Structures are given as structure tokens and as C-alpha cells.
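To start, the structure itself, in C-alpha cells.
The values are calculated or read from the model by the stated rules, or taken from the named source; none is laboratory data. Here the structure is a predicted model, which means the values were calculated and not measured. Cβ placement follows ideal geometry from the backbone for every residue including glycine, while neighbour counts extend to all protein chains displayed. In case anyone asks, the SASA skips ligands and DNA or RNA and just uses the protein heavy atoms, side chains included. Shrake-Rupley method; radii C 1.70, N 1.55, O 1.52, S 1.80 Å.
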Amino acid sequence: MVEVELTSRPAAAPSARPLLRVDGLQGWYGESHVLHGVSFEVGEGEVVTLLGRNGAGKTTTLKAVMGILSRRSGSVTYDGRETIKLPSRLIAQMGIAYCPEERAIFSSLSVEENLMLPPQVRPGGLSVEQIFELFPNLKERLSSQGTKLSGGEQQMLAIGRILRTGSKLLLLDEPTEGLAPVIVQQIGRTIARLKEEGFTIVLVEQNFHFAALVADRHYVVEQGRVIDTIPNDELDANIDKLHAYLGV
Amino acid sequence: MTTDTNPIAMAAITSVGAAGMPRHHFAIFAALFVFLIAAPFLLYPIFVMKVLCFALFACAFNLLLGYGGLLSFGHAAYFGMASYVSAHAAKVWGLTPELAIIAGTLVAAVLGLAIGSLAIRRHGIYFAMVTLAFAQMIYFFSLQAAFTGGEDGIQAVPRGHLFGLIDLRSSEVLYFFVLAIFFAGILLIYRIIHSPFGQVLKAIRENEPRAISLGYRVNRYKLAVFVLSATLAGVAGATKAIVFQLASLTDVYWTMSGEVVLMTLLGGMGTVFGPIVGAAVIVTMQNYLATFGDWVTIGQGIIFVVAVLLFREGIIGVLAKWIRKPL
Amino acid sequence: MFELLGIPPQVLFGQLLLGLINGSFYAVLSLGLAVIFGLLNIINFTHGAQYMLGAFGAWMLLNYLGVGYWWAVFIVPPIVGVTGIVLERVLIRRLYHLDHLYGLLLTFGLALIIVGFFRQFFGVSGLPYPPPPLLTGGHNLGFMYLPNSRAWVIVASLIVCLATWFIIEKTRLGAYLRAATENPVMVGAFGINVPLLVTLTYGFGVALAGFAGVLAAPIYAVNPNMGADLIIVVFAVVVIGGMGSILGSILTGFGLGLIEGLTRVFYPEGSAVVIFVIMALVLLVKPAGLFGRSV
Amino acid sequence: MNSGAILEAAGLTKEFGGFVAVNNVNLTVERGSIHALIGPNGAGKTTLFNLLTKFLQPTRGAIRYQGRDITRMQPADIARLGLVRSFQISAVFPHMTALENVRIALQRRRGDSFDFWRSEKVLSKLNSEGAALLADVGLTEFSDIRASDLPYGRKRALEIATTLALNPEMLLLDEPMAGMAQEDIERISALIRRISKNRTILMVEHNLSVVASLSNRITVLARGKVLAEGDYAAVSKDPRVIEAYIGAGHG
Amino acid sequence: TDVKIGVLNDRSGIYADIAGEGSVIAAQMAAEDFKAADKGINVSIVSADHQNKPDVGSNIARQWYDTENVDVIADVPTSSVALAVNEITKEKNKIFLASGPASSDLTGKACSPNTVHWTYDTWALANGTGSAMVAQGGDSWFFVTADYAFGHALERDTSAVVEASGGKVLGAVRHPFPGQDFSSFLLQAQGSGAKVVGLANAGGDTINAVKQASEFGITQGGQALAALLMFINDVHALGLDVAQGLVLTGAFYWDKNDQTREFSARFQERNAGQKPSMIEAGVYASVLHYLKAVEAVGDKDAAKVMAKMKEMPTDDPLFGKGTIRADGRKLHEMYLFRVKKPDQSKGPWDYFETVATIPADKAFRPLADGGCPLVK
Ligand SMILES: Nc1ncnc2c1ncn2[C@@H]1O[C@H](COP(=O)(O)OP(=O)(O)OP(=O)(O)O)[C@@H](O)[C@H]1O
Ligand SMILES: Nc1ncnc2c1ncn2[C@@H]1O[C@H](COP(=O)(O)OP(=O)(O)OP(=O)(O)O)[C@@H](O)[C@H]1O
Ligand SMILES: [Mg+2]
Ligand SMILES: [Mg+2]
């Protein structure tokens, strides 16, 4: 088993001060209406996951929170401030960072440039040394072209670069997709470390075996809505329900 | 070049009439035919012939761009070269007009084969640039080669006797000859679009790697449509030389390549009838606004800008959207 | 005295130097195009007109306001850049999500409009722009007489090209630009103002064209048509260099100037097509251009 | 040479400017088997796959299909020999209906369709066969829907139907289950098992349970080389495979 | 009688300043000065832009003749368009007053009974510049030639004249058309050591070449620069600093005598401050002569009017007395001008000093040499 230290947290509602509150979030791609009122909350220092089938709207939810979905409505408050009308760059500057499903490593930038690209939005981010400590692989390949890294290394780079920025809320979209099982385990350890460092994380996952190892709480997304909430310590009791949701 | 609404895709779900053609297409062809029969009695025939030549040119270009998905920025080469050859054939070799046109067309086809086989190996903007580069070479060749008459062009080309019999000096008689060529041209294009070959083209345009994996040698299809397009552009150019008794550098210059893009875009690329309308509008504008000097250029520029910003589907494309049928 | 293919070496050096001067114009213009294509994915057909605007800007400053060449070198490029910014904000911006083709057509139309207006109001004979005193005269280099105005072109364009290259390849701002080229949405999600970056980049690319125009004013006639044919050649340069490649467009610009210069000596008739011949050859062997990344 | 082999690669190598992505790989695929290709990220699976389907040209090495050297052949010609691939991203013709998608493949049987002078009506005789193929993959009700409007899983099914229309002897599938929900995975697994009856299949896949349940034979790649080969039971116990790929946590 | 005159020229391109709106004004002034209305001749004038494209020009000409009852087309700079209009005019049996074009083919192998070639032609330019320069000691030549038929013809004709006058041609270099940068070709010209550098090109090419020649110090180096086709407006555009010392041949200069000065002053007022070019002067004179012929015949039948025009000696304030030859060539004096130095000039448009006057009978190609089928 992976050695992940799970700090147990009370269940359903966030105990800590809510850092992110999503309420009745609607979202569209052009004419197609994808999010039909997503609502959930994340407390400071928590890790929550969004689970759901393909096309449920998990990625879209993260994009809407980040402000890169061109059409959205409802309410997203971060640290008490409403962000639904803001462009993504202002949202980023408030301290939210996003690691996309497809990783978005820049091929015209070296690994180092990729890592240094996101500007620091507030103090208190990880230093470069700390990032290398987390992902020793990166250190050796600083000068190679970003997209020449292997899939797993690219994933590390994509996570690493947003840690520098001082953003407190990390949105991670399927960080394990398409990765070899060994790498998946490594990413699991990393998320646990980040939680210890005090980051707040929203994690999108298909693989709830993985999610179960790191999260405080799981939100089940279906057809653009959150249809259920399962605290991690009640996961075993709800496993059949969850299987039904995910169609396993 | 994928626009949101792909008019061709809608073709499959439209009612089909007697001639294997959707009924409304048949109706439009018929109306067009009737109109064009009457046109020389209502309008200045030479003007209408000019429109027909350019409309055929634009349709040929549209075959490549709208249906083959290939943006050539050098189509003037085939149009202009065919025009030179047919003028030369009629004037110097003394061929009858139909043979002169065939000669010009053949040269355009060969040129299309030569340039096309090199250009189709490249994609997108590079394809456009390679075609432009070759067209520039053809332009400089035309500027310097002895037979083209340099910047004077080939002047005083005899219209001659069709099949050695029918005197084409009268514009009215010539008109019906040109009309026949035009109709044969666009019907052929229509058939190409709606043939098994056309289906493969469409597949290639939509997803080239997939077409390859199904075993289609896509480069041969692209080359085939390139050559067909160049050939038909050649027919248009060769005919124009006979109509105007002149072949000149204008026809091989890169602005001509730009103009045919404008016609196609304005009318609606990937539509059957769009390029005809586009050509008619542009030629009319050039013809009747000639007195206004630079304002014609400015007007053309404005049309470009407006067309790109406001109706990218072109006149006919917008119309097709309204009536929800492919045109 | 040795000769190369019947050409004495002095003449050859002279011609090479002249080629380099022409190459300077190609380099600055193609650099502007490459910068714009790189970030906006727009093939800026208006570039030739903007080059012309630069020359006219210098002419107008001199004739309407009495402002001389050296001021124009600094004032005109930003002004032309601002006209570009207006175009970008009002029109070009609407096309980013579409195929390259539309950007090309829009800017083609804009070029027609701009050039049309200038022809309407300034005629086409060309207007004189006297070189400033410092640039009149020249130096005898032994193998050729090098007018000061031409020497200045090489110096100025080298400086501008190198500075641009440095900014884009070696600075943080440049990293933003390159990243935004690939994935503007993500760069925006890092908190960077991409729309502003895009606008300024277009303005900068256009300012480069304006700069080339100012350099050209004392050398060529200031004429509404001055950019029209040049731009086709510059496109070829950009394609040969590899669309969007900064270093590629600079090196290819200078290199092709040299090659064209040599063609003028050995086969003058071919000098107008040599670039197109090279372009066709290069694209057949290296589809993405000499310095382009293959896609 | 193994008489049962349908596809053989010998000493296959691909270099990208000095970087060796596939390094001296020998691979033999038995006729009638389902052969899986797995390995860590960056192992060279996709590259090897592209080499076998000729979308990339190998730097060194030879490929034989049905005993015939195909190393220098063009991709379209490979397909004509009955060796057909699918794509990782869904490969359909988006603006064509499901039926038209399949028909494009069926049309291949007419030979080259350069007959631009003929009406497309000649193709309607392929409709019934196309419908049968769509029924096979459960798409009957979707046959007049544009491919772009199909849900993801259905697109994959359509892609397989299109591929089957060529009646290929051998299919190469690149991550057929990538990004698919569980229910789709099960449907497509069943489909693959069904069509493998008289065909050979080579697939790249990360989903180990799919690999375990479907494949007869597995080749594990790592750093461009063959690390291990055998059936699932053997491979999954190989300590090198566990270290490089499966990891301690699985199972 | 109603007479409709179509002025067809370049209203947007390179010749627009030399023969654009100015030619229309010149034609109007001719009708006004002739007091046509008082003589029962209703003159109306239309104009169009041929964009220097033969296809556009021929299209307009055809349409004018076919549908708009135009009787006569005037001006038409750019030889290629003029040749096309020449053909159509012959076919439609109308009249073409060619003031703008340069090609001497119009009275040579392409000559037409319906065309009068009024102002100048390539032969006259080559002859004027070539022979007069050699006579002045410029006996060794190097040509910078635009690489197309017109440039080749100018070079060929001038070479012949130079050699016939006892001069020598040291070499020639062909530059692409149109060209921007002439430095390399000028350097070759400089290196040749020829006394005269002949620019066998036109329009923007000539302007750029002259400008760059001054940059490279061609004239300061002792070589003379001869532009084989150049107009006063070009000199105006270049400025005297650059153009000084340039030698060129022309048929008209506004500052020649009182009559030309009077006309030019009136013209300048109506044409945005521009003095008339020789082409515009030619349009005025040719239209005037045409109207006289119409008045004399009392009819506008092309054949009759043409016959009258050729029979009647010409006489106008701009070109003085002259004649029209059977091949359609209008004969008058030509002049070799040298561009003044800035300090010699009294102001704008005071640009030329006359170096030599070539009498009408020497200025143009002899009738027999042109190969015009009309004069067998
Ligand atoms: N760019 C897009 N344009 C249009 N529709 C889209 C786009 N991206 C996603 N969709 C649609 O939006 C819906 C939600 O997609 P989303 O990517 O949010 O799902 P997801 O839960 O992240 O799924 P997955 O597990 O596959 O990543 C799906 O139906 C999908 O087809
Ligand atoms: N065009 C290329 N140029 C340079 N290197 C390449 C290229 N294509 C692939 N590579 C490199 O080759 C190696 C193998 O890549 P490949 O895509 O085959 O891996 P894979 O096994 O399919 O991995 P994954 O499971 O992540 O898809 C990688 O390190 C990759 O960076
Ligand atoms: Mg997702
Ligand atoms: Mg892969």
C-alpha cells in the first residue's frame, strides 16, 4: 500500500473556514448547456474530489471556477469574494491555480521556463528548491524542451509550476490519467505532502481507489450537478452507492 | 476551413429529385439556365460573358477550396496560362476557337499536374504559399517569355469560326458558345462533388489520417481534385481569351489569385452556387465602378473586411442557412 | 587579379554588401510578420501597407510639422504601432478562433483599403523624402562607394533585430509570449493579461513594419504602392525561415538578401524569382521551413 | 520463422534527433491472437505503433506482414493489405452520418474511387451492408446522426464498425479504452472479443484489467526496449515489470 | 452633332499623376476653348480607369463603343492598353486619339486607320536622347533596362541610335520589373565607366533608379544619367536635389512660350496645382484638332473625320503647327531637356532647360521604316 498519512477530518461540511464556495454554477460550451447548477464547498486546507462518469462535467466545473469557460453563471466565491464575472487572470491573481487534464506543457519553453512561467501572485509559494525536493526528476532535465519529458514528468512539471505561485487553492484535473501505476503512486504521495504544507485542493478523478487515499470528502457529479456528498471515512459504507453512480 | 455549418453535410438529408439532384438544386439550375438564355437580350452580352468566365473560374477554385479543403493562392497561374496558350493557338497557329480552348485547357491541366504533385505534399498555409510561389514563377515566365508578348499581352486574338463553320465575331453568337461551356463546366463540377470520388474527398477533408488508415491514397485524391480544378480554371481562362481577344499579365498576376478567393468567399465557399454569385457581384462592381478610380479598390477592401467579419458563409451560405437547405 | 566567374572580387563584395542591405529590410519586415504570426496566428497581409505608413509617417512629419528624420525614427514606429493596435482591438480580435484563412483575407482587405486611400490622396508618383545631412554622402570602401544612408540601414536593423530576438528568446516577457502562442487560455489562467499581450505584440510587429518604412523613406520613393509587391517577397522569406520562428526570419531575411544580391550579378533576370524558387525548394525538403518546428 | 506469425518486427529502431524512442525491438504477433503492448509513459508504445502502421518511418529494422516485407510501404498501402489501425483520439468523419462513415470504408472495396463523373447514387447499394455493420456495434438507431453528435463511447464503436467494414485481417488499436467510462469499457471489450474470432489484434492499452481480461499475449516496453513478454500471469509477476510499470500498489 | 469623348487612362496607378484626372480636364478645356456648343457640337466627356490592365481597358473601350455611343477615345497611357484599344477602335470603326502611349508600334506594325498617335513614342524618345547626347559628347553608354518588352524596346532603339550617331554601347543590365532596389544595377553601371547611364524603364522604376543614382553619386562621379521615359511630374516628385542634371526627351514644356504659359496657368488652377504633362497637353491638342475636323466635315463619321484630320494641318497653342502622317503619326518638334540645379530654379515647376530642339521632320521615325501596312 502507498504510505499516505491521512489526517482525519470531520465529515460532510468543511470544518475549516470555507475557502471556495460554488453555488448554482451553470456553464455552457457555445450553445450546449453543460453545467446545470453545481454546488459544493471546500474548506481551507482540505482535499476534496469530484467524482463522476465521463462527460459528467467535472473538468467543466474546474474550468468555470478558474474562469476559462467563456459562458458561465451562478456564484463562485473565493475567500468571500464573488468571482463569477471576473476574467481568469484576475481569478488567478486572487490565488487559484489550475492544472489541466491535458497538462498544457509548453513545447517552445524549456523545462525551467515552464516551471518559472506562472508569475507569483502572492507570497508564500514553494521555493524552487522545495519543488525539486518534491519532484527530483525535474531538476535533472531543466534545460530540455518541456514536451520532451515523459508523460509522468510532464504531470510533475504541471503540478510543480503552480506551486511556486503562492496560490492556496489548487485545482487538479485527473493528475493520474494515462500514467503508469508507479507514477500514480508517486502523485498520490505528492498530494498528501501538499496537504500537509497547507494547500487546499480540488481533485478531479475517475479512479476513486486513488481518490480514497488522499481526500477528505467526495462530491459525485452527474449531468452537470453535484448529486451526492460522501465523506471519505464513510466511503466503505457507501461503496455500492458509489459503484452505481460511476457505473462500475 | 471548417465553418460551423457545413452545407455539404446537410446534403445527405435533402429530398432528391429526378436527376439525382435535390429538387431545389434542379430548380435553381433551370432558373439560371432560363435567365442566362434571356440575358444577352437584356444585358450587355460581353459583360455577361465576362461574368460567366469568372464564375466558372470561381467554381473551379471552389471545387478545390470548398470541397477539397485546399486553399490555393496561385490559381491565376492556370487561368492565365490557359488564356495565353489559347490566345496563341488561335492567333499564331490559327486553330479554331474550340481547339484553341482545348489547347489552353490541356496546358492548364499539365501545369496543374506538375505544380499540384509538388504542392499537395504540404498542408495548410504552406500549401497556400507553395502554390503562390509557383504562380509567381509562372508570372515571371509570362512576363519574359517571347510568346506572351510581355506586358502587351497577346492582342487581337481572332474569335474565329466554331468548328470552322460558325462565325463567332458576333457577340450574340459567341455568347451561346460561352454559355454552353459555362454550363458544361458547372454541371461537371456538380457531378464531381456528388460522385463517389466526391465522397472520398469529403472524407479526406474531414479527417485525413483516418482516410489514410482506411486505405485511401489521399495524395492521389488531392492531386486529382487539384488537377480537375486547375483544368476547369484553364477552361475559364482559355474561353476568356477568345471572348476578349486578349491574353494579358493581369490574368497571371497574384492579385487575380486573390480576386478569385474574394469571389468564392463572398458568394460562399463550399456552396454550389455561391461562387457564381460572388463572381457576378465582383465583376459588376469592377465594371460599373471603374470611373471611380481608387474607390473601387477601397470598396473591394471593404467587402473583404465585411464579408470576413459579418458573413463568413458568404451570400449563398447565409441564404442556405435561412432556408435550411444546401445551395 | 583573380576573378570569380568573370566577376572581380571588389564588385562581388560590393554586391554582397548591397544584398545585406536589402536583407536588412527583409529581416525587419519578416521579423514583424513572424512575431505577429507567432502569437496571433494571423498572416498579416496589411504588413506592406503598414510599411508604407511608416514611410508616409516620416514624410508627413517632415512636410506638415517640420520634424526631421532622426525624430521620425523614434516617433513614427510607435504611431504606426498604435494604428495597428486600433485595428487589432476593433477588427482582428474577432478572428482568433477561426482558420488562418480568415485573418489573411481580413488583413488583405484592410491593405486594399489603406493603400487605396493613400493613392487617392497622395497619388502614385511618389513623394520625395530628402535624406538628413548625416546620411547624405558616403564612404569609399575601396571596392565600392557605400552611401551613409545604406550603412545606417544595416546598423539600425541589426540592432532592432537582435534586440527583438533577445526579448523574445531570453526574457520572461518573451517566455510569456511564446507560451501564449501555444496556449493562450492556460497562460491567462496563470494570471497573465493575454489580450493585452496580444494587442501589444501586434502593435509591436506593426511598429517594426513602420520602422522599416522610415528606414526606406530616404532611399526609395515614398509611394502608396511601395509595400504591395515587397510584401509577397517578405511572405516568402517568412515561410522559408519557418513561420513564426524569430531567429529563422532574421537569418533568412539577411541570407536571402545576400542570395538575391548574388543573383543580380550572375543572373539579373532571375533575381525577382530566386526567392520563390528557393521557397519552393525549401518547402519540398523541409516542410516547416528552415527554422520552423515541424507540426 | 514462425509459421503462425502474422506480423513480425525485427530490430526496429526509431531515433528522434539522437533520442532513441524505440530501440532494437523484436516483436512477433501470432495469427488470431489479441496481443497487448503496455509499458510506462514514454516507453515508446505509440511510437512503435506508428512504426508498425507506417505513420512513422523506422530508422532501422524491418517489418514483415504475412511474410511480406512492408518496411518501405506507404500507410494507405498497408491498409490495403488488410492491416488497419484505429486512433487514440476518436477518428470519425464528423460531418458525415454514421452510415456514411461506414460507407466510406465499404467504398474502398470498389477499388479506387476516382470516378468523379459518376453519381454518388451508385453507393446506395452499400447501404444495407453498412446498416448491418452498424447493427453489429449497436448503432442502428444512430445511423442517420452526424458522427460529431454521437457520445464519445458511440464514436469509438462507430470507429470500430468503420474499421471492420474493411474486413481487415489484422487490427491495431491505440488505447481503445482511453478516457472511457466503465460501461463503455465493458461494451467495447465485448465487441473486441467478438471481432477477434477470426482476426488478429494488436493494441496499446493502459487499463490493466482490460489487458488482463482480453489479451493472450503481452509485450512490455520500457525505455524503448522490450522488457518482458508473455501472458498476463507471467508478465504481471515479473519483478522488472512491477518495478517499471505496475508498481507496488497495484492489486 | 453630339460628340461623346471617352478619356480612358490610369486614375489610380503609376500614371495617374501624369495622365489621370488631368487628361479629363485637358479634354474639357479643349471643348470649352473650341466653343463647341456655339458651333452646334454638343461635346460630352466620360472617363474611366483602365488600371493599366489591357483587359480592363479593352473591356471599357468595347462597352463604351457598344453601349454608350462613345465616338472617340482619348489619351490611354500604357502601351499594352493602348494597343488593345487600338484594335477595338479599328474593329468598331471609331477614333482613337492616342496621346498617352509610348509604343511606336501604334504607327508601325499595329497601325490603324482609326488612330492618331499624338504626343511622343519610344522611337522619338530614343532618338532624341540618344542622338542628342552623343552629339554632346556622351558617346559611351550603359543601359539599366527593365526586363520586359517595353524596356527591351527602349534599349534596342536607343542603342541603334547611339551606334548610328557614332557612340558605343558598353553593356546593359536587366532589372526585374517592377523593381524597388536598383543599387546593385547602378553599381554595375558605375563600374562600366560609361559616360551615359541610360534608364530604359518607366514610372516608379525610373523614379527609384534616379533617386538611388543620386544616392550612389552617379552624376557627381561624372556620368550623365539619361531617363528614356520621364515626365515633368516625376521630376516634381523627385525634387531637384535628386533629379538635377538628368537628361530627358519631351514633346512639351509648359514654360516654352506665352501660349503654353497661359494654358498651363489655367490648367494648373483646375488640376490641384499641377502643371500639365506632355500627355495632358497632347490630349488637349488632339481633342481640339478632332473637334475642328468634326466642324469642318459637319458629321462625326469616323472615316470622314479621320480623313479631314490627316488632310488639315494641325495648329494649336501647345504644339504649334504640325501635320498628321498617313500612318497616324502626329509630327511636331521634340526637345532634349536637362533638369536644372536647385539654385537655377525659380520655384516649383521651373525644372527644365532646353538643351536641344529636334525638328519635326527628324523627331519621328521615317514613314517607310515603321512597316505600317497602311503606307505600302
Ligand atoms: N470544448 C467543448 N465543446 C463542447 N462540448 C464540450 C467541450 N468539452 C466538453 N464538452 C461536453 O461537456 C460535457 C462535460 O464535459 P467535461 O469535460 O466537463 O466532463 P468530465 O466530467 O471532465 O469528463 P471526463 O471524465 O471525460 O474528463 C460533456 O458532455 C462533453 O461532451
Ligand atoms: N516526434 C518526436 N520527437 C522527439 N521525441 C519524441 C517524438 N515522439 C515521441 N518522442 C519521445 O519518444 C518517447 C516515446 O514516446 P511515445 O509517445 O511512444 O510513448 P508512449 O509509450 O506512447 O507513452 P504514453 O503511455 O505516455 O503515451 C518519449 O520520450 C517521447 O518524448
Ligand atoms: Mg475531464
Ligand atoms: Mg502513447
**Request:** Examine the range A:79-92 for a residue that is within 16 Å of ligand 1 (Cβ to nearest atom) and among the β-branched types (Val, Ile, Thr), and state whether such a residue exists.
**Result:** no
**Message:** Looking only at the range A:27-53, count every residue that is within 15 Å of ligand 1 (Cβ to nearest atom) and surrounded by fewer than 18 Cβ atoms within 10 Å (Cβ to Cβ) and tell me the total.
**Reply:** 8
**Request:** Could you look through the range A:161-189, keep only residues that are among the β-branched types (Val, Ile, Thr) and within 14 Å of chain D (Cβ to nearest Cβ), and pick out the one that is nearest to ligand 4 (Cβ to nearest atom)?
**Result:** A:Ile183
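Which members of the range D:56-80 meet the condition of being over 18 Å from D:Glu30 (Cβ atoms), within 14 Å of chain B (Cβ to nearest Cβ) and either among the aliphatic types (A, V, I, L, M) or in contact with an Asp or Glu (Cβ under 9 Å, 6 or more places away or on another chain) (or both)?
Applying the first criterion (over 18 Å from D:Glu30 (Cβ atoms)) to the range D:56-80 yields D:56-62, D:69, D:71-80.
From the residues that got through so far, the ones that are within 14 Å of chain B (Cβ to nearest Cβ) too are D:56, D:73-80.
Answer for the range D:56-80, where residues must be over 18 Å from D:Glu30 (Cβ atoms), within 14 Å of chain B (Cβ to nearest Cβ) and either among the aliphatic types (A, V, I, L, M) or in contact with an Asp or Glu (Cβ under 9 Å, 6 or more places away or on another chain) (or both): D:Leu56, D:Met73, D:Ala76, D:Ile78, D:Ala79.
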**Item:** Every residue from the range D:41-69 that is open to solvent by less than 20 Å² (accessible area, probe 1.4 Å), touching a residue at least 60 places away in the same chain (Cβ under 8 Å) and farther than 25 Å from D:Arg193 by Cα
**Value:** D:Ala43, D:Gly44
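Could you say which residue among A:Leu20, A:Leu86, A:Leu6 is of a type in the set (A, V, I, L, M), within 30 Å of A:Lys241 (Cα to Cα) and modelled with pLDDT of 90 or more? So that I can check it myself, show each step before the final result.
Details: A:Leu86 fails: within 30 Å of A:Lys241 (Cα to Cα); A:Leu6 fails: modelled with pLDDT of 90 or more.
Matching residue, one of A:Leu20, A:Leu86, A:Leu6: A:Leu20.
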**Message:** Please determine whether any residue of the range E:114-134 is free of Cβ contacts under 8 Å to residues at least 60 places away in the same chain, over 26 Å from E:Ile14 (Cα atoms) and either open to solvent by less than 10 Å² (accessible area, probe 1.4 Å) or basic (Lys, Arg) (or both).
**Reply:** no
**Message:** For the range D:211-221, give me each residue that is buried (at least 21 other Cβ atoms within 10 Å of the Cβ) and within 14 Å of chain A (Cβ to nearest Cβ).
**Reply:** D:Val211, D:Val220, D:Leu221
**Item:** Residue ID - farthest from A:Ala104 (Cα to Cα), chosen from residues in the range A:143-168 that are more than 16 Å from ligand 2 (Cβ to nearest atom) and either open to solvent by 30 Å² or more (accessible area, probe 1.4 Å) or part of a helix (DSSP H, G or I) (or both)
**Value:** A:Lys168
**Prompt:** If you go through the range A:114-141, how many residues are within 14 Å of chain C (Cβ to nearest Cβ) and open to solvent by less than 70 Å² (accessible area, probe 1.4 Å)?
**Reply:** 8
**Scan of the range D:157-179 for residues that are at pLDDT below 85, within 16 Å of ligand 2 (Cβ to nearest atom) and buried (at least 20 other Cβ atoms within 10 Å of the Cβ), ordered by number** = D:Asp174, D:Glu175, D:Pro176, D:Met177
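Let's see how each residue does on (1) closer than 16 Å to A:Ala180 by Cβ; (2) touching a Cys at 6+ places or on another chain (Cβ under 8 Å); (3) hydroxyl-bearing (Ser, Thr, Tyr):
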site: D:Val204; (1), (2), (3): yes, no, no
site: D:Val210; (1), (2), (3): yes, no, no
site: D:Ser213; (1), (2), (3): no, no, yes
site: D:Arg217; (1), (2), (3): no, no, no
site: D:Val220; (1), (2), (3): yes, no, no
site: D:Ser236; (1), (2), (3): yes, no, yes
site: D:Ile246; (1), (2), (3): yes, no, no
**Prompt:** Could you say whether any residue in the range E:357-371 is part of a strand (DSSP E or B) and at pLDDT 90 or above?
**Reply:** yes
**Asked** Pairs under 9 Å by beta carbon, first residue within 13 Å of A:Ile159 (Cα to Cα) in the range A:98-111, partner open to solvent by 30 Å² or more (accessible area, probe 1.4 Å) and of a type in the set (Lys, Arg), six or more apart or different chains?
**Response** A:Tyr98/A:Lys63; A:Pro100/A:Lys63; A:Val111/A:Arg141; A:Val111/A:Lys148
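Looking at D:Arg154, D:Arg199, which is the one that is open to solvent by 10 Å² or more (accessible area, probe 1.4 Å), away from every other protein chain (no Cβ under 11 Å), touching a residue at least 12 places away in the same chain (Cβ under 8 Å) and within 16 Å of ligand 1 (Cβ to nearest atom)?
Testing whether each residue is open to solvent by 10 Å² or more (accessible area, probe 1.4 Å), away from every other protein chain (no Cβ under 11 Å), touching a residue at least 12 places away in the same chain (Cβ under 8 Å) and within 16 Å of ligand 1 (Cβ to nearest atom) leaves just D:Arg154.
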**Fill in**
Going through the range D:222-235 in order, the residues found to be part of a strand (DSSP E or B) and more than 22 Å from D:Ser196 (Cβ to Cβ) are D:Ala222, D:Lys225, D:Val226, D:Leu227, D:Ala228
**Fill in**
Checked B:Lys222, B:Lys240 against criteria (under 24 Å from B:Tyr175 (Cα atoms) and either touching a residue at least 24 places away in the same chain (Cβ under 8 Å) or crowded, with 24+ Cβ neighbours inside 10 Å (or both)); the one match is B:Lys240
**Complete:** Note on the range D:22-43: residues within 23 Å of D:Val84 (Cα to Cα) and either within 16 Å of ligand 1 (Cβ to nearest atom) or in a strand (DSSP E or B) (or both) are D:Val22, D:Val25, D:Asn26, D:Leu27, D:Thr28, D:Val29, D:Glu30, D:Ile34, D:His35, D:Ala36, D:Leu37, D:Ile38
**Request:** Go through the residues of the range B:149-158 one by one and say whether even a single one is touching a Ser or Thr at 6+ places or on another chain (Cβ under 9 Å), at the interface with another protein chain (Cβ under 10 Å from one of its Cβ atoms) and open to solvent by 50 Å² or more (accessible area, probe 1.4 Å).
**Result:** no
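Looking only at the range B:291-327, which residues are in a helix (DSSP H, G or I), in contact with a strand residue (DSSP E or B) (Cβ under 9 Å, 6 or more places away or on another chain) and open to solvent by 70 Å² or more (accessible area, probe 1.4 Å)? First the steps, then the outcome.
Applying the first criterion (in a helix (DSSP H, G or I)) to the range B:291-327 yields B:291-292, B:294-309, B:314-323.
Still in the list and also in contact with a strand residue (DSSP E or B) (Cβ under 9 Å, 6 or more places away or on another chain): B:291-292, B:294, B:296.
Matches in the range B:291-327: B:Phe292 only.
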**Among (1) within 14 Å of ligand 3 (Cβ to nearest atom); (2) hydrophobic (A, V, I, L, M, F, W, C); (3) touching a residue at least 40 places away in the same chain (Cβ under 8 Å); (4) closer than 20 Å to C:Thr181 by Cα, the one test that A:Val34 misses** = (4)
**Message:** Between a residue in the range E:55-70 that is at the interface with chain B (Cβ under 7 Å from one of its Cβ atoms) and any residue that is among the aromatic types (Phe, Trp, Tyr) and not in a helix (DSSP H, G or I), which pairs come within a Cβ distance under 8 Å, given they are 6 or more apart or on different chains?
**Reply:** E:Gln63/B:Tyr44; E:Asp66/B:Tyr44; E:Thr67/B:Tyr44
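Please note which helices (runs of 4 or more DSSP H) are completely contained in the range B:133-216 and include at least 3 residues that are within 30 Å of B:Ile28 (Cβ to Cβ).
Where helices (runs of 4 or more DSSP H) fall fully within the range B:133-216 and carry at least 3 residues being within 30 Å of B:Ile28 (Cβ to Cβ), they are B:171-193, B:196-206.
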**Asked** Restricting attention to the range D:206-232, which residues are touching a residue at least 40 places away in the same chain (Cβ under 8 Å) and either more than 16 Å from ligand 2 (Cβ to nearest atom) or among the charged types (D, E, K, R) (or both)?
**Response** D:Leu214, D:Ser215, D:Asn216, D:Arg217, D:Arg223, D:Lys225
**Residues that are without any contact (Cβ under 8 Å) to a residue 60 or more places away in the chain and under 29 Å from A:Tyr245 (Cβ atoms), drawn from the range D:157-188** = D:Ala157, D:Met177, D:Gly179, D:Met180, D:Ala181, D:Gln182, D:Glu183, D:Asp184, D:Ile185, D:Glu186, D:Arg187, D:Ile188
**Pairs, first under 27 Å from A:Pro123 (Cα atoms) in the range A:165-193, second more than 16 Å from ligand 3 (Cβ to nearest atom) and among the charged types (D, E, K, R), C-beta under 7 Å, six or more apart** = A:Gly166/A:Arg122; A:Ala192/A:Glu5
